[in-house]
Structures are given as C-alpha cells and as structure tokens.
Amino acid sequence: MRFSHFSQLFVCFSHPMGILMFMIHDPNRSWKCLNDYLYTIRCELNMTPETLPHDALYWLEFYDERKTFECVLMSQTSPWVCVMNLSTRVEETFMDTDFFRISLNYSFHGKNDSVVLETGYRPVLHIQPVPPSHLMLLWKPDKAVFHWLSGYDDDILLVPKLQYQLSIQGNGKVFDIHSTLTNLSVPMSAFAPDANYTAHVRSEPHQIHYKGVWSHWGPTVYWTTGSTSTDDPVTSLAPVWMALFALPIVLLFYFSYTRCKGCLLNSSPAPHIGDFKCSVMLSENVGDLLQREESLQIDRLIEEPNPTWFEKMKEANDGSSQTSFANSSTSPSMGSWAQAWMSVEQGSVMYSDEYCTLSHTK
C-alpha cells in the first residue's frame, strides 16, 4: 500500500516535468509565439489536456533583462493559448533589437518548476501583422480601384516592409493579387456582368529583415456588377445629355424660321413710291421697313402709260410748262406720271423683273 501510494505521487509530480521536457526536444516545435510588432504576444502550446493534471497551473514567463512578464496558459481548447498585452506595462512598441527569454512554468500541489523554451526570442522574426483596415472600392470608367490602410501608424518601421494580398471572390472564381502598396487597380474586364463579388485583404512581412506569417483577413467589401462590366453612369447618360443640349437649339431655329417666313413671304404687299429694294432681306430690317412703307402708301394705283406718252413728257420737260400736262385731258394723273418719269430720268428708281416693293428715299 505504501509503495503504491508513493508510486502515484511520483507519477503525479514527475508527469508535468516529462511533458515539459518532451516539448523542448520535440522536432516539430510544439509551441510558437507570434507578435503584432506593437505590444501583444500570442503563444500556442500543443499540450494534450488528458495527459496533464486538471489542477496544475501553467504559464509562460518573458524576461528581457529588465523586467519579467507572465502570461497564463488557458486550456479551453487545444492548443493551450496565452495572450500577453504589454501596452499598459511598457512605453514603447517592440523594436528590432528587442529579445526575450521564454520559460514554461508550472505549479502543482505547491511544487513549482520551469523549463526554458527560448533564450533569444526576437519579435522582429516572429511577426503576425495586424489586419489591414478601411478597405474601400472606387469605380473608374475602365477599372476598379481598391484602397486600404496598413493598420499601423506611419511611424512604425514595419509599415514600408509589408506586402499585401487582395483576394476577390465572385462568379464561382477566386483570384488573388499581390502588391507592396496599399492600393491597386483591377480592369473592368475581370468582372462578369450581373454577378456578386466580395474582396478582403491581408498582409505579411517581406521576409527579409522582418519575418513572420500572414495576418488575419481584414474587413470584407461586397458589391454587385451591372448589366455590362464596362457600364459607366456618365457615359450611359450621354444620349440624354446630348438630346437636352440639342433641344433648345432646334427650338430656336424653328421659331426663327417661322417668324422669318411669316414676315418675308407676304403674298400681297402694298405698292410704294421711292427706291426699289428686293423683298428678300434680313429679318431685323423688316420692322423698320414696314413702318416706313406705311407712311408712304399712295391712294390709288396708276395704269402704265403708253411709251409715246413718255416721249411727249420728255419734250415737255425740256421747254414747255408743266401746267399744260396738269390740265391735259388725256390722263387724270398726268402730273403724278411726270414726277415718276422725272425720277426715272434722275436715276433714283431701279427696275427688276422680279417682284419688288417701293420704299421712300430721303
């Protein structure tokens, strides 16, 4: 009985140490610690809960030659996990020259022990960046532009050394695009019409001076393409804009033409005495001409005299008295024709076979 009880106690006390020794010499490195290169370190240990005492306490100890920081391991799920946030305990973020000694500690029935897992853990070689943030999608006439933020302040030395992966899913396909910038363009031809798409982005160190793994995916954006992949709201409304622009011009020409037609194509103008001018004239002179013609209308129309009568008028004009013509019984309007004939002789009247109107000349 005593031997049996002693054997159980020996197994209980020696079992945690056996697990710790196994973790140190495991070729698969059954533990890992990643950091965000700010203030947080997250460690995972592959310890099977069934092989460990339920009332044992395990934690990791980080020592940087100045302070010691402890991180308690939780076994809610496999693997065991501890998360240590130093934002309230240190003033600066992780630096390229920082290093820690990491020890695994346990406490079981008042017995404490520890095993050193790493003597020179350097955060710069085990980075898992924070996820990129504020992913946005901007549409251009021939391309889609994606833009995001690194998730870090610009003064963090890691930021220029990050590379990104943009993953676009939709229409039954997935294609990834890599970039060292926080924006990239995708041609519109890459998207199918009338399809739903999603996109998200992640980052990792460039693996030269800063090393580590991919971050978690950042927030996702969603969108649906239109009927055609090259549709643009501005170009699709181009016919409408052209029609609205042309309508006032068409109406202006139509009303101008209608007004000119009504003014110029008058079928029965009143005859006038004075200089002859062609009836086809600019529309802006029509109003002034009509006002002048109204004041010069004659009372009656005169028949065209016989050519022999004009010869007599010419001879009479050379030496005879005009009163004889006025008293002549051949025509009741001899004086008026004489005045008209004298105007012809003086060159103030122009004649044309086309239809013309008379206007007064000062």
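So that you can scan it fast, the table gives a plain yes or no per residue for (1) outside any helix (DSSP H, G or I); (2) among the hydroxyl-bearing types (Ser, Thr, Tyr); (3) open to solvent by less than 40 Å² (accessible area, probe 1.4 Å); (4) modelled with pLDDT of 95 or more:
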residue: GLU204; (1), (2), (3), (4): yes, no, yes, yes
residue: HIS209; (1), (2), (3), (4): yes, no, no, no
residue: ASP231; (1), (2), (3), (4): yes, no, no, no
residue: VAL250; (1), (2), (3), (4): no, no, no, no
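Can THR235 be described as closer than 18 Å to LEU138 by Cβ, at pLDDT below 95 and of a type outside the set (Lys, Arg)?
Yes.
Based on what the data block shows, is ASP98 modelled with pLDDT under 90, among the acidic types (Asp, Glu) and surrounded by fewer than 19 Cβ atoms within 10 Å (Cβ to Cβ)?
no
Of the residues that make up the range 101-110, is at least one farther than 15 Å from LEU57 by Cα and surrounded by fewer than 14 Cβ atoms within 10 Å (Cβ to Cβ)?
no
The values are calculated or read from the model by the stated rules, or taken from the named source; none is laboratory data. Model, not experiment: these values are computed from the prediction. Quick reminder, even Gly has a Cβ in these numbers, built from the backbone with ideal geometry, and neighbours come from all protein chains shown. Please note that ligands, DNA and RNA were not included when accessible areas were found on the heavy atoms of the full protein model with its side chains. Shrake-Rupley method; radii C 1.70, N 1.55, O 1.52, S 1.80 Å.
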